[in-house]
1. Would a scan of the stretch 209-221 turn up a residue that is surrounded by fewer than 21 Cβ atoms within 10 Å (Cβ to Cβ) and farther than 26 Å from SER144 by Cβ?
2. Taking ASP138 and the conditions (1) outside any helix (DSSP H, G or I); (2) within 17 Å of the chain's Cα centre (by Cα), which numbered condition does it fall short on, given that it satisfies the others?
3. Inside the stretch 235-270, can you point out the residues that are in contact (Cβ under 8 Å) with a residue 12 or more places away in the chain and over 27 Å from ALA10 (Cβ atoms)?
4. Restricting to the stretch 92-123, name every residue that is among the aliphatic types (A, V, I, L, M), part of a helix (DSSP H, G or I) and open to solvent by 30 Å² or more (accessible area, probe 1.4 Å).
5. Residues in the stretch 25-37: is at least one at pLDDT 95 or above, open to solvent by 20 Å² or more (accessible area, probe 1.4 Å), closer than 28 Å to ARG99 by Cα and in a helix (DSSP H, G or I)?
6. When residues of the stretch 49-63 are filtered for being open to solvent by less than 90 Å² (accessible area, probe 1.4 Å), out of contact with any Phe, Trp or Tyr (no Cβ under 8 Å at 6 or more places or on another chain) and in a loop (DSSP other than H, G, I, E, B), how many remain?
7. Would you point out which residue out of GLY87, GLY6, GLY41 is at pLDDT 95 or above, within 24 Å of the chain's Cα centre (by Cα) and either within 30 Å of VAL131 (Cβ to Cβ) or not aliphatic (A, V, I, L, M) (or both)?
8. Considering only residues that are under 23 Å from the mean Cα position of the chain (by Cα) and of a type in the set (D, E, K, R), look in the stretch 57-72 and name the one that is modelled with the lowest pLDDT.
Amino acid sequence: MLFVIGLGLADANDISVKGLEIIRKCDRVYLEAYTSILTVGQKELEQFYDRSVILADRELVESGAEEILGNAEKEDVAFLVVGDPFGATTHTDLVLRAREKGINVQIVHNASILNAVGCCGLQLYSFGEVVSIPYWTDTWQPDSFYKKIEANRSRNLHTLCLLDIKVKEPTMESIMTKSIKYMPPKFMTTAEAADQLLKIIEKKSEKMVYSADSLVVGLARIGSNDQQIVASTLQEMKETNLGGPLHCLVIPARSLHPLESEYLLQYATDKERFLEIIKREETL
């Protein structure tokens, strides 16, 4: 059987009791290591699980997943996912491939940023479509995701922005020479995301939907003991350092519920300015 097990958001202790019991009885244990990360590494997980863990990179998972699914009709195989198993489409694809091969699949759910984002005080049922903000390069600067932010704002919905991560990305040299060399891992910060959003806004002719002075919420390492939440303007977020990964950014709806405003106020860098922004945006 293939077990797809959510690990939660922070460290080894976030796994469920059900998930831990399954891991300890499996013949093989794989850790998906490219869509997200925990605050602890492979060694700490192995010590906690009392099992060896095989790192599964994008190439291993997406190129048929033959190694992972091999002999899973007779063995128990665990595939570990940071957050919830269905937080990324890659994992849906793995489940479909397993079932096509006649392999039984069991899902063990856990918390993900898609529900834990409610810790900032914004109500989950008032979120619209989730967007992903990719790293820009000198020659590739997509901004199509901004239309989704505008659509959510027009419907008075919050937007959760998931920020890009680069893990085991080949260098340009390795692509050209067909060698095996990878760039150092990097994780987009809320400051970098804010900078790209500001550049997009500068190019737009209509700035009433969202502007540099609009409210954003930056979140970092949610679920860990040192999580950070900051509410500020988009311009201020560009200069805000929330520390190590992982980060995400929330663009609130124009009009907040009074409970949302009251809760979010505790994270405001400037409480008086925060209240001014809330009042102003409700009139847009």
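The values are calculated or read from the model by the stated rules, or taken from the named source; none is laboratory data. Note that the coordinates shown come from a computational prediction; the quantities given were computed from them, not determined experimentally. Using ideal geometry, Cβ is built from the backbone for each residue, glycine included, and neighbour counts are taken over all protein chains shown. For accessibility, only protein heavy atoms count, side chains too; no ligands or nucleic acids. Shrake-Rupley method; radii C 1.70, N 1.55, O 1.52, S 1.80 Å.
1. Taking every residue of the stretch 209-221 in turn, at least one turns out to be surrounded by fewer than 21 Cβ atoms within 10 Å (Cβ to Cβ) and farther than 26 Å from SER144 by Cβ.
2. Single failed check for ASP138: (2).
3. Across the stretch 235-270, the qualifying residues are GLN235, ALA253, ARG254, SER255, LEU256, HIS257, SER261, ASP270.
4. Once the filter is applied, which keeps residues that are among the aliphatic types (A, V, I, L, M), part of a helix (DSSP H, G or I) and open to solvent by 30 Å² or more (accessible area, probe 1.4 Å), the stretch 92-123 yields LEU96, ILE113, LEU114.
5. Within the stretch 25-37 (the criterion being at pLDDT 95 or above, open to solvent by 20 Å² or more (accessible area, probe 1.4 Å), closer than 28 Å to ARG99 by Cα and in a helix (DSSP H, G or I)), the answer is no, since none of the residues qualifies.
6. Residues meeting the conditions: 3.
7. On the way: GLY87 fails: at pLDDT 95 or above; GLY41 fails: at pLDDT 95 or above.
Matching residue, one of GLY87, GLY6, GLY41: GLY6.
8. Ranking the qualifying residues of the stretch 57-72, first place goes to GLU62.
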